Amino acid sequence: MNLKINNYFICFILIFPSFLLSQIKENNLFEKKNLYQKSVKFKENLNFVKAQSFYLKKDWDSTLVYSMKQLNVDKNKTLHDYCHYFRGISFFNKRIYKEARKEFLLISDSFELSQIKNFFLGATVLELRDYDKALYYFILSENQSIESNDIQCLTIAYNGIGTTYIFLKQHEKAEKYLLKNMRINEKSQNNDRICNSYMNLANLYYDQYKDNLAIFYFKKSYIISKRIKDFYTKKSASKNMAVVEENRGNFKEALAYRKESEQWNDSLNNQNKVWALADYEKKYAVAQKQKQISVLKVESKLKDTQRNGLFYSVLALLLLLVGGVYIYAQKVKNNKIILTQKNKLDELNATKDQLFSIVSHDLRSSVNALKTSNAKLTTSLETKNYNELDQLLHQNSAIANGAYSLLDNLLHWALLQTKQLYFHKDSVHLYSIVQQIEYNYKSLLLDKAITFENAVSKNSFIFVDLDSLKIVLRNLLDNAIKFSNENGEIRIYTIETNTNFCQLVVQDSGLGMSQGTINKLLEDNELLAKKSNSEVVGTGLGIQLCKQMIKKNGGTLAIESELNKGTKIILTFPKTEQNG
């Protein structure tokens, strides 16, 4: 047996060491004590106090805003060090690693949290693939942690050193530090850290083809993950076991582990959405209060103007005329603003009502379908009708996936409308991304026996935001599968042109659509769409989300289709300059 077959999945934790940083952010008492002392000592510096408060709440955008305000108004060295520290960690968590490195390097050597700062600096340059510098900063953090007797920082410094040595292929040194990390974590009896230690050791042995040791630690990490609450760790542990059982040929056990991994992934996504919704509601309430204050200020200003007009009524006629014109102009301006705001609010309310109607209808249908299917599932279990049981399980999975896709699209649509979605454009290898999306939908393609072909040019590089590109391709492939018949065909390919844009086509042999339906889908804010002569109904939210994300990436979207002959979705994106 060779575990290298599933390299992409088992090495997930090593490729993204930021997964390990949650330990120090949640458990380092030394850091929290220092921050509390500084907030008391510098309580008069409101921008610093706010930056520190948002930092502890992990509101990275607000942390960046108030730390910059503090840097602009005060030259205190201690406050500057802490503000650069806040900004470095905020940029790191937002995955803007070059900016994070700049901020950490601006911190003085006398900074009180130097061991933590150097650990994050090591993690930052590790993300930038500068392994020698990463090793330097991790060892520096180790030495400082020993001096300050900071055991929590010391254990993750060992983890960082061990992880870096894996990348450098120095496996004996990696094993030495990862074993140190494991021993400290086992003494602490912290199941989260113990689980992560076992997974890292498993990855180390896996990288050396020591399959027995790797499987031993993967199993131990899975057992420990049952006792912890962190959904991300649970998901990784069960996914690793799925890969192990697949390579052993135990596909039934592998399927059970994969389903468990997906359940934890859903729980993680639901938790993030709840947090995002709560944050959005808080910001909306603050905005409403600020709006009320602004209205009161305008009203107060108008009253003052009127009182001043009466007071100066004895002045010359010219001054009275000028004052009257000014007041009239202000009223006209305010009326225009109020009218514009009213129209915008009416439009938002109409869209909100339409969304509520769509979501409530679709979710009610999905939940009702799940209730009916579960009733049949119970009957099948009692009668031991395993063929029907397998069919019902696949049906339940399809219903759940549909409801999840609707909620995911709704979340991203809301973030776009409120301008909270972060876009970072970079050079993207298009063939690899399509390959990833194909893997995510492999099970759905197999369920309908659909033939999929990735004919994207391997030389195509486009300049877009990676996350939004994945959302667009997932929605388009999901629609292609949904509206395709059994044994259908789906093909994604590129068309080479002599321009600065790359043309990407998603083609299926499914139900197709009329020109009237195409025109409706291409209209802005058209949220409902129904395929003629079909019971398959879509909300249209996914295509609206795709249009807006394609537009923000500087691309275009076109649709070609015929009823019962299939559909072509034609996208254009700007090429990367060196590939253009």
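The values are calculated or read from the model by the stated rules, or taken from the named source; none is laboratory data. Source: prediction; values computed, not measured. Note that each Cβ is placed from the backbone with ideal geometry, even for glycine, and that neighbours are counted across all protein chains shown.
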Just checking: which of the helices (runs of 4 or more DSSP H) contained wholly in segment 108-215 hold 2 or more residues that are surrounded by fewer than 22 Cβ atoms within 10 Å (Cβ to Cβ) and basic (Lys, Arg)? 171-188
Which one of these is farther than 30 Å from residue 466 by Cβ, among the aromatic types (Phe, Trp, Tyr) and over 26 Å from the mean Cα position of the chain (by Cα): 111, 138? 111
So residue 464 ticks every box in (1) modelled with pLDDT of 85 or more; (2) touching a Leu at 6+ places or on another chain (Cβ under 7 Å) but one. Which box is left unticked? (2)
